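Nothing in this text is a laboratory measurement; each read-out follows from the coordinates by a stated rule. Quantities reported herein were computed from a predicted structural model and do not represent experimental measurements. Virtual Cβ from ideal backbone geometry, glycine too; neighbours counted across all protein chains shown.
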2 protein chains.
Amino acid sequence: MTTDQIHIREVGLRDGLQMVSTFLSTEQKLEWCRRMRAAGCTEIEVTSFVPAHIVAQFADAADVARGALAIEGLKASALVPNLKGAQRAFETGLQQVHYVLSASNEHNLKNVRRSTAESVEDFRRIVKFRDESGQRSTALSAGVATAFGCTVAGRVDESAVLDLVSQLLECGADEIAIADTVGYANPAQVRRLMRNVLSLTGDKPVICHFHDTRGLGLANVTAALDVGIRRFDSSLGGLGGCPFAPNATGNINTEDTVFLMESQGLKTGIDIDALLDIRKTLTEWLPNEPFTGAIARAGLPKTCAV
Amino acid sequence: MTTDQIHIREVGLRDGLQMVSTFLSTEQKLEWCRRMRAAGCTEIEVTSFVPAHIVAQFADAADVARGALAIEGLKASALVPNLKGAQRAFETGLQQVHYVLSASNEHNLKNVRRSTAESVEDFRRIVKFRDESGQRSTALSAGVATAFGCTVAGRVDESAVLDLVSQLLECGADEIAIADTVGYANPAQVRRLMRNVLSLTGDKPVICHFHDTRGLGLANVTAALDVGIRRFDSSLGGLGGCPFAPNATGNINTEDTVFLMESQGLKTGIDIDALLDIRKTLTEWLPNEPFTGAIARAGLPKTCAV
């Protein structure tokens, strides 16, 4: 069932930048993408088609998407908050579009001002629009956020997450993403939930999106690897922080995640030294942002061939 | 074979303080011990019987040991570098004494100026001295440092580690400690090595000592838990850094380790809020030291009853 091939999807340009008040230019964003591709990264969530009045950083979403599509060998994707955003994304011809709803109804209401059930119907409309407009080459990924707990509602029932996964598959999702949006997950919970998710998804790819807010990010990746997950989101330099816990870390760090994989013989195809070079440029572009990461501080071990 | 009872041994007073240039008074060290015990921690490595001219912080080792022995319900232990240090430790009546040698001969030579083989014979003399002086109530723990790799020698053969474990058991070790002194371990390696160590140790307790130098500390704990390890060293606030990688983190952080355990239903008996209070005092005592820890930054999740 398992392979040693790992897919790392860089989400710093979306989940990272949405927390950042300094604007990067379209050209800077595309330089980041090009250098990530040159470092061996083949999947990048390049932007979000959220309205510019909500997140001004993404006002250039269509330009970034089109620029990223010109990078050879890169699977470029974007987040969309609703049908309108999806329509804008489809127009660019992106290879993949991500739609996310929250397992916590309270979180979903706060985030997109509609219930989780309404968000499922919204996703169904997105699939229908894509199919009817003849854009089936764009894969539709459906994500379940706050799948391991919620800062608003607290506990989230595993059965609610699994039920949502079933509904999203039934709607026509091409991929399922499971997100620990607020850094509540623990390894035992990850093993249990992801095993059950995999029992529903058949041949469809499943990706885990972990945050390191409470220090368990790579422990949770380890648990997910155990049960066969081979796809992970991460953010270069851990860029992004956590909107729900000031001063706390956000997404798991790309270079540390790649190190976790490569050090134990799993293959990401990504060069860590090249990542550290890109990280250095980012710290210059975004001097006021906190960057995380152990490998950037301590360096690679002598034993490591990556 | 496995239980959900976890033993956390606080090593901040030894592995942490040995890196710290600010002196804590004997009374401060004992206050730390007393408050850790009140927080539910029952095992503390309270000091090191290394000569004061090598680490001045430990000039009060005997006083700290005697003071810690007066704390009800606490298993107090200390590190000893050689027979002379062990004799000083035995005089205090400590419940446990730790002796550590390095699987990397190069590291051992650098650290204690003798070969690993000579260190094994030194440990044999310590056991003999203890037995002949009628101090069998002091348990002798033998640790293998650089068990997952070495900053001097690079790769360390697993067979060399296992051979040392066998020799130390044959000498009469009451406990085996396996240490990732420089933060080189990865989860796959931890599972493989620790499974093999456990196949040698029978009923003797086995403890893992991980550093978080390259960000994999809690991922490695997760891997060790998987194969049945239930004892771990950690340092409050991650105090200590890493002598081999400036600016890098050192020991895994106690409060984050307790969170990792309790969040998945494993029982440490330790109260995280009480740990955060002690950590606060430590940051006041040692204002120039770097402290690590995600829980201290982000807080406990709403879902967590600990």
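Put in line by how crowded their Cβ is, counting other Cβ atoms within 10 Å and starting with the fewest, A:107, B:53 read B:53, A:107.
Percent of C-alpha pairs per 10 Å bin in the range A:7-298, short distances first: 7, 31, 39, 21, 2, 0. The alpha carbon centroids of the range A:98-126 and the range B:190-213 are separated by 46 Å. The eigenvalues of the Cα gyration tensor, multiplied by 5 and square-rooted, give the protein assembly as shown an equivalent ellipsoid with semi-axes of 48, 23, 22 Å from largest to smallest. From a point 7 Å beyond the Cα of residue A:166 in the direction of its Cβ, which residues of the range A:199-225 have a backbone N at a distance under 16 Å? Only A:199-202 pass the distance filter.
Only DSSP H runs of four or more residues enter the estimate; each adds -39500 (n - 2.57), and after division by the residues of chain B the mean residue ellipticity at 222 nm equals -12500 deg cm²/dmol. Among B:116, A:22, a tally of other beta-carbon atoms within 10 Å of each Cβ gives an order, fewest to most, of A:22, B:116. The H on the amide N of residue A:207, modeled in the peptide plane, is under 5 Å from the matching H of A:176, A:177, A:178, each at least 5 residues off or on a different chain. Between this copy and the others, label points of residue B:204 are 5.2 nm apart in ascending order, each placed 7 angstrom from Cα in the Cβ direction.
Whole-Hz Karplus values for the range B:79-84 come out as 8, 10, x, 6, 4, 4 Hz, taken residue by residue from phi with 6.51 cos²θ - 1.76 cosθ + 1.60 and θ = phi - 60°; glycine and proline positions read x. About the centre of its Cα atoms, the range B:7-298 shows a dipole size close to 260 debye [charges on the beta carbon of Lys, Arg (+1) and Asp, Glu (-1) only; nearest 20 debye].
Electrostatic bookkeeping for residue B:49 treats Lys and Arg as +1 and Asp and Glu as -1; over the other residues with beta carbon under 9 Å from its beta carbon, the sum is +2. What percent antiparallel are the DSSP beta bridges of chain A, to the nearest 5? Here the antiparallel bridges make up roughly 5 percent for chain A. Each other residue within a Cβ distance under 11 Å of residue A:293 adds +1 if Lys or Arg and -1 if Asp or Glu, for a net charge of 0.
Computed over neighbours whose Cβ is under 10 Å from that of residue B:175, the net charge equals +1, Lys and Arg +1, Asp and Glu -1. The other copies place their residue A:128 label points at 8.6 nm from this one, listed shortest first, where each point is 7 Å from Cα along Cα→Cβ.
How much length would be gained if the chain were fully extended between residue B:281 and residue B:114, taking 0.36 nm per residue of separation minus their Cα-Cα distance, in nm to one decimal? Let's see the in-between values first.
Working: separation 167, 0.36 × 167 = 60.12 nm, distance 3.89 nm.
Taking residue B:281 through residue B:114 to full extension adds about 56.2 nm, to one decimal.
Secondary structure note: in the range B:1-154, about 5% of the DSSP beta bridges are antiparallel. Packing, as the average of other Cβ atoms within 10 Å across residues, places the peptides B:74-81, B:202-209, B:218-225, B:262-269 in the order B:218-225, B:74-81, B:262-269, B:202-209, highest first. Close amide H partners of residue A:7, meaning residues 5 or more places away or on another chain with modelled amide H under 5 Å apart, are A:231, A:232.
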